[in-house]
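Here is the structure we will look at.
The values are calculated or read from the model by the stated rules, or taken from the named source; none is laboratory data. For clarity, every value in this text was computed on a predicted model and none was experimentally measured. Positions of Cβ are backbone-derived with ideal geometry, glycine not excepted, and every protein chain shown enters the neighbour counts. Just so you know, the surface numbers come from the protein's heavy atoms only, side chains and all, with ligands and any DNA or RNA stripped out. Shrake-Rupley method; radii C 1.70, N 1.55, O 1.52, S 1.80 Å.
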Amino acid sequence: MLADIHVVLSHTSHPGNIGAAARAMKTMALSSLSLVNPQHFPHADATARASGADDILVQARVFDDIDAALAECQLVIGASARTRSIPCPVISPAECARQACAAGNSGRVAILFGCEQSGLSNAEIDRCHKLVQIPGNPDYSSLNLAAAVQIICYEIYVAASAGDDTADVPEHTMVTADEMERFYRHLEQTLVELDFLDPANPRQLMRRLRRLFNRARLDENEVNILRGMLSAAQGAVKQQS
């Protein structure tokens, strides 16, 4: 289960934070680290701050973009301290851990952390099914990246040790992030062909639809049904033109 729970750090600016995050993971028995376009890696500061968790750094996978890093994941939970204009379901660290452990029984899970300066971008949140927020002092809620990783990894370790990880195991195979991205491209193309979406003035339509379907956590059969409907709509448009 823990082997399929991945910590994903996006656009990390300081290599020391990567090493400290690796140390935080190893103390809680997590070992799968992914990095999205880090500014400096590998780096001596990362190795020094890892303090013996060098194996996690050696095994870390580095990706050029967020879609590649999340492609095989069936559940993506983003860590964010800020509220967003378009809401996304927000859960506690303990609930994040419970859901991650349950989903880790049947597929890959990603816990996504943004860059130190600004956190997760809107585009990165578009890839998340849920957000986890760590409660703290409302007058000073900013956590160091490695400290946030430590808290979430601790909760995951506690949940995994408790063994209560079967409550939300899905009955059907959940779609991966890569499959969902193909669905979203198909959806957007169809809405444009139906003149429902103006690509020159899209507003927030696709972002809202992403949040809607991400909340639903579709399985493979449901995505196939939806894509079949989209293909039928496209066919009807071609017949009329």
Item checked: Under 5 Å, built H, 5+ apart or other chain: amide partners of VAL36 -> LEU9, SER10, HIS11, THR12, PHE63
Checklist line | Where the Cα pairs of region 1-158 fall when distances are cut into 5 Å bins, in % | finding: 2, 10, 21, 25, 23, 14, 5, 1, 0
Check: Between THR173 and ALA236, what is the FRET efficiency for a Förster distance of 22 Å, r being their Cβ-Cβ separation, to the nearest 0.05?
Finding: 0.15
Notebook entry, point to check: Taking a probe of 1.4 Å, how large is the accessible area per residue of region 1-129, in Å²?
Noted result: 39
Next item on the list: Before anything else, pin down the relative contact order of the chain: Cα pairs under 8 Å, at least 6 apart, normalised by residue count, whole percent.
Entry: 23
Check: What's the angle, to the nearest 10 degrees (0 to 90), between helix 93-103's Cα axis and the longest principal axis of the chain?
Finding: 60
Checklist line | Normalised contact order of region 165-241, rounded percent, pairs of Cα under 8 Å and 6 or more residues apart | finding: 48
Check: Roughly speaking, what % of Cα-Cα pairs in region 1-56 are separated by over 14 Å, rounded to a whole number?
Finding: 47
Next item on the list: Would you kindly work out the equivalent ellipsoid of region 133-212 from its C-alpha gyration tensor and give its semi-axes, the square roots of five times the eigenvalues, largest first in whole Å?
Entry: 37, 22, 10
Notebook entry, point to check: For the residue pair ASP219 and GLN59, what label-to-label distance in nm results when each label sits 7 Å from Cα along the Cα-to-beta-carbon direction?
Noted result: 3.1
Note to self: Compute the helix-to-body angle for 177-193: its Cα long axis versus the longest principal axis of the chain, expressed 0 to 90° and rounded to tens.
What the structure shows: 30
Next item on the list: Per residue of region 19-24, in order, report the coupling 6.51 cos²θ - 1.76 cosθ + 1.60 (Karplus, θ = phi - 60°) as ³J(HN,Hα) in whole Hz, putting x for Gly and Pro.
Entry: x, 5, 5, 4, 5, 4
Notebook entry, point to check: Could you list, bin by bin from short to long, the percent of Cα-Cα pairs of region 168-241 in 10 Å steps?
Noted result: 18, 47, 28, 7, 1
Checklist line | Local electrostatic count at ASN17 - Lys and Arg +1, Asp and Glu -1, tallied over other residues with Cβ under 14 Å | finding: 0
Check: Accessible area per residue, 1.4 Å probe, Å², for region 184-241: what's the number?
Finding: 68
Note to self: Helix 145-162 against the longest principal axis of the chain: what's the angle in degrees, Cα atoms only, rounded to the nearest 10?
What the structure shows: 90
Next item on the list: With a 1.4 Å probe and every protein chain kept in, tell me what percent of the accessible surface of region 25-159 is carbon plus sulfur.
Entry: 51
